[in-house]
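Below is one structure, written out as structure tokens; comments come after it.
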Amino acid sequence: MAITPTGSQPFIPEVWAAAIAEPFEKNLIFGQNSIVNTSVEGEVTRLGDTVHVGRIGAPTIRTYDANADLTIEDLTVTDTAMKIDQGQYFAFRVEDVSALQAAGPLKDPATKQASIALRDTVDKYIAGIIKDGATSKLGAKKIVNDDPSLAGTGQITAFKALNQLSEKLNTQSVPMTGRWAIVGPQFYSALLMDPRFTRVDASGNEDGLRNGIVGRALGFDVMVSNNVPTAGKKEHVLAGVPDAITFVNQITKVETTREEKRFADIVKGLMVYGAKVFRPDGLATLEAEIGDPVKA
């Protein structure tokens, strides 16, 4: 007997795949399309697939002469192959007795837990790709987690750290549109001590616009995530624009099989994915060591 979650509907792989993908996508921080570029060519069907990312070169800007013919050039398109080299799966057993005694469908709690586990794995992976691939690395910064005026020798405020990331992106001529900064919980705590960040008129909007968003400052949509990379007591702060990194993922298979030695079904699912930094100059990072004011 196959799984019948509602007592009347048979197991449909596409329905379960959609049920997992929806909460997974809604809860991503690093993997949402406002952080990474998800527009690529190619269909992902298995681990090891290749997708193609086309980049259009900038046209040449020339001086106009009313007495001369225009110079017409062909646009250059660089095609870069990207391997889908990451895979995650889930597999669980549903006993017939459990299915019969369940008050409601087993699919909902099972898919929710699967999507949460997949989300954290993927977010940590993308965060690591961003950290390693950024051109601008500001290094370690000591951040005061108190009133900004109490910053001691060698300490700066979290707000100033964001300003330094903004400056680095500015020197690389990174567009202002779509800029984001993703911070950890400790850095966010330090940001909340600064009125320049907490004032609604300074942050621009008191409503959450994207997954994990906590405010807006210095041209960044600021988001908080527990999946930022850490190094000892330091939290990485990551900043950039969506066009800097490309991410592809696909839940390729969800299937059920009957277990031979039990009255139970086995549900299995596979997701494959990959990410690559294509414009490292569009990313900047720093390592924030959050602490109390340093007394002289």
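The values are calculated or read from the model by the stated rules, or taken from the named source; none is laboratory data. Owing to the predicted nature of the structure, the values given are computational and were not obtained by experimental measurement. Quick reminder, even Gly has a Cβ in these numbers, built from the backbone with ideal geometry, and neighbours come from all protein chains shown. Just the protein is used for accessible areas: all its heavy atoms, side chains included, with ligands, DNA and RNA removed. Shrake-Rupley method; radii C 1.70, N 1.55, O 1.52, S 1.80 Å.
For region 196-229, the set of residues classified as modelled with pLDDT of 80 or more, open to solvent by less than 70 Å² (accessible area, probe 1.4 Å) and not hydrophobic (A, V, I, L, M, F, W, C) consists of Gly215, Gly219, Asp221, Ser225, Asn227, Pro229, listed by residue number.
Restricting region 101-124 to residues that are open to solvent by 40 Å² or more (accessible area, probe 1.4 Å) and under 30 Å from Asp281 (Cβ atoms) leaves a set whose member that is modelled with the highest pLDDT is Lys124. Can you confirm whether region 258-281 contains a residue that is farther than 30 Å from Val44 by Cα, among the acidic types (Asp, Glu), modelled with pLDDT of 90 or more and not in a loop (DSSP other than H, G, I, E, B)? Within region 258-281 (the criterion being farther than 30 Å from Val44 by Cα, among the acidic types (Asp, Glu), modelled with pLDDT of 90 or more and not in a loop (DSSP other than H, G, I, E, B)), the answer is no, since none of the residues qualifies. Filtering region 282-296 to residues that are in a strand (DSSP E or B) and acidic (Asp, Glu) leaves Glu287, Glu289. Which of the residues belonging to region 231-252 are among the aliphatic types (A, V, I, L, M), modelled with pLDDT under 95 and part of a strand (DSSP E or B)? Residues satisfying the conditions are Ala231, Ile245, Val248, Ile251. Candidates in region 112-164 are the residues that are in contact with a Gly (Cβ under 9 Å, 6 or more places away or on another chain) and polar (S, T, N, Q); of these, the one that is farthest from Ile290 (Cα to Cα) is Thr135.
For Ser173, the requirement of being out of contact with any helix residue (DSSP H, G or I) (no Cβ under 7 Å at 6 or more places or on another chain), more than 12 Å from Phe220 (Cα to Cα) and assigned to a loop (DSSP other than H, G, I, E, B) is met.
Listed by first and then second residue, the pairs with beta-carbon distance under 7 Å, at least 6 apart or on different chains, first residue in region 176-195 and closer than 18 Å to Ala151 by Cβ, second among the acidic types (Asp, Glu) and surrounded by 15 or more Cβ atoms within 10 Å (Cβ to Cβ), are Gln186/Glu235; Phe187/Glu235; Met193/Asp146. Please verify whether Glu73 is part of a loop (DSSP other than H, G, I, E, B), charged (D, E, K, R), at pLDDT below 80 and out of contact with any Gly (no Cβ under 6 Å at 6 or more places or on another chain), treating the condition exactly as stated. Criteria not met by Glu73. Take the conditions (1) open to solvent by 40 Å² or more (accessible area, probe 1.4 Å); (2) assigned to a helix (DSSP H, G or I); (3) in contact with an Asp or Glu (Cβ under 8 Å, 6 or more places away or on another chain); Phe159 misses just one of them, which is (1). Within region 1-55, being closer than 30 Å to Phe263 by Cα, open to solvent by 70 Å² or more (accessible area, probe 1.4 Å) and either in a loop (DSSP other than H, G, I, E, B) or modelled with pLDDT of 75 or more (or both) holds for Met1, Thr6, Ser8, Gln9, Pro10.
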